[in-house]
Structures are given as structure tokens and as C-alpha cells.
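Following: one structure in C-alpha cells, then a few remarks.
The values are calculated or read from the model by the stated rules, or taken from the named source; none is laboratory data. Predicted model only: the values in this text are computed from it and were never measured. Here Cβ is always computed from backbone atoms with ideal geometry, including for glycine, and neighbour counts include all displayed protein chains.
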Amino acid sequence: MTSGNIILLNGASSAGKTSILQALQGVMDTPYLNLGIDKFISTLPAADQEHLLWDEVLGYMTPAGPLGRPSPRGYQLISGMHHAIAALARAGNHVIVDHLLIDPGWVYECAQLFCDLPLLLVGVRCPLALLEAREQARGDRSPGQARAHFVAVHTPGVYDLEVDTAYLSPLECALQIKHRLQEGPPPMTIRWLKVWSNPAKHRGWLRR
């Protein structure tokens, strides 16, 4: 069976990943599943969603404070998401993922799980001032989230393609991603990240 494609959109909160994902689903020639971090967490009971997302997955210490480390439960949930994405792709499904790769252990796990799958890693960038303006306008994000993610989410910051939502609309970003996927060259970044990742360094960061 031929594996499905994975398009992984990585960027800070309010960078526009969800809007790009929705635009991509509209322009791709075959159906793509939406299996991003918000969608995955929305499968939890409603009473658990907010606490688990902010405190246990994103590691918030205070509403406007710096990022802490995700909890063991947060690692477990995100690891499950990564394995589910890989399983869906190996079964032939095309998947789009909007993610926040704020923990090096998550980068390492994605590199291990996705390195033999057709994955396009896309960096979704946006200037910090615009991220914070969007965060304030939305009103559904904890203050300081965009700033806390701004640097951490793009480490090590190598991609098959980068788009900047300060200059491009979601549709323009989606069309660039579609063109890159169809015209090549073949995506290679996730294979490079597997070489870059140090298993000894990250061994304690994924608590399964």
C-alpha cells in the first residue's frame, strides 16, 4: 500500500496555521484529513480540554508567563498524536497537521516516526508584533502565548518550505505548499532532522 502524504505546518500561536490548513483542504486534488494539535485535543471531554492544552501540553506556568515543560500526561498525549498521524499515513491517508513543535523531544519523535513517510515540513512564520496583535484581537488565547512560542517553535528552524503570513493570505500560502509538494524537489528536511536529533540528549523528554 502506498503511504499517504503528511503536510506538517509548524508555527507559533496566531501565525495562521489553521487558516492555511483549511485553505489547503480546499485546493488539494485529493482529500486530506485535519489532524492538528487543536483538533486532537478537542477529542477529549470538554472539561479537560482547556486545562490539558494550556498547562499540561504547552507547559504554561502562569497565564502570561514563560513556557515550562509539558507534563508527563502532555507528552503522552502528543506522542499518541504523532503515532496516530504516522499510522493514518501508512494506511494510505493524506494528512495535514498544524503543530507547535515547542519541545525538542517532539521534533525528535516526529523525525523518527515520519522519516520514511512522504512528509513536507512547512514553517509558518509571522513577525512577533503581528502575532501579538492577532492574539489580542482573537480573545481566545492566553496573553503572552505568541511571545512564548515565537522562538521555541522554530528550533532548529529548518524546513522544506517557509511561508510568511504577514505578506501572504491563507490561500496564497496553500497554493505555494501545493506547488512545492507537486513540483519538488522531494521533501528531505525530516530525514535531516533524524540525523540532527541526538537520542541520548532527548531520551528523558519523551515519557511513554
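Give the number of residues within segment 11-56 that are touching a Phe, Trp or Tyr at 6+ places or on another chain (Cβ under 9 Å) and at pLDDT 95 or above.
The number of residues fulfilling the criteria is 3.
Within segment 108-141, how many residues are farther than 22 Å from Leu24 by Cβ and of a type in the set (A, V, I, L, M, F, W, C)?
6
Would segment 113-130 turn up any residue that is farther than 19 Å from Met188 by Cβ, out of contact with any His (no Cβ under 7 Å at 6 or more places or on another chain) and among the aromatic types (Phe, Trp, Tyr)?
no
For segment 14-35, which positions are part of a loop (DSSP other than H, G, I, E, B), surrounded by fewer than 24 Cβ atoms within 10 Å (Cβ to Cβ) and touching a helix residue (DSSP H, G or I) at 6+ places or on another chain (Cβ under 9 Å)?
Quick first cut of segment 14-35, residues part of a loop (DSSP other than H, G, I, E, B) only: 14-16, 28-32, 35.
Narrowing the set further to residues that are surrounded by fewer than 24 Cβ atoms within 10 Å (Cβ to Cβ) leaves 14, 28-32, 35.
Of everything in segment 14-35, those that are part of a loop (DSSP other than H, G, I, E, B), surrounded by fewer than 24 Cβ atoms within 10 Å (Cβ to Cβ) and touching a helix residue (DSSP H, G or I) at 6+ places or on another chain (Cβ under 9 Å) turn out to be Ser14, Met28, Asp29, Pro31, Tyr32, Leu35.
Enumerate the pairs (first residue in segment 165-178 and more than 15 Å from Tyr32 (Cβ to Cβ) and without any contact (Cβ under 8 Å) to a residue 24 or more places away in the chain; second residue anywhere and among the polar types (S, T, N, Q) and not in a loop (DSSP other than H, G, I, E, B)) with beta-carbon separation below 8 Å, excluding pairs fewer than 6 apart on the same chain, so at least 6 apart or on different chains.
Pairs that qualify, where the first residue is more than 15 Å from Tyr32 (Cβ to Cβ) and without any contact (Cβ under 8 Å) to a residue 24 or more places away in the chain and the partner is among the polar types (S, T, N, Q) and not in a loop (DSSP other than H, G, I, E, B), are Leu168/Gln176.
Does segment 138-152 contain at least one residue that is surrounded by fewer than 18 Cβ atoms within 10 Å (Cβ to Cβ), within 13 Å of the chain's Cα centre (by Cα), closer than 15 Å to Ser14 by Cβ and among the small types (Gly, Ala, Ser)?
Yes, segment 138-152 contains a residue that is surrounded by fewer than 18 Cβ atoms within 10 Å (Cβ to Cβ), within 13 Å of the chain's Cα centre (by Cα), closer than 15 Å to Ser14 by Cβ and among the small types (Gly, Ala, Ser).
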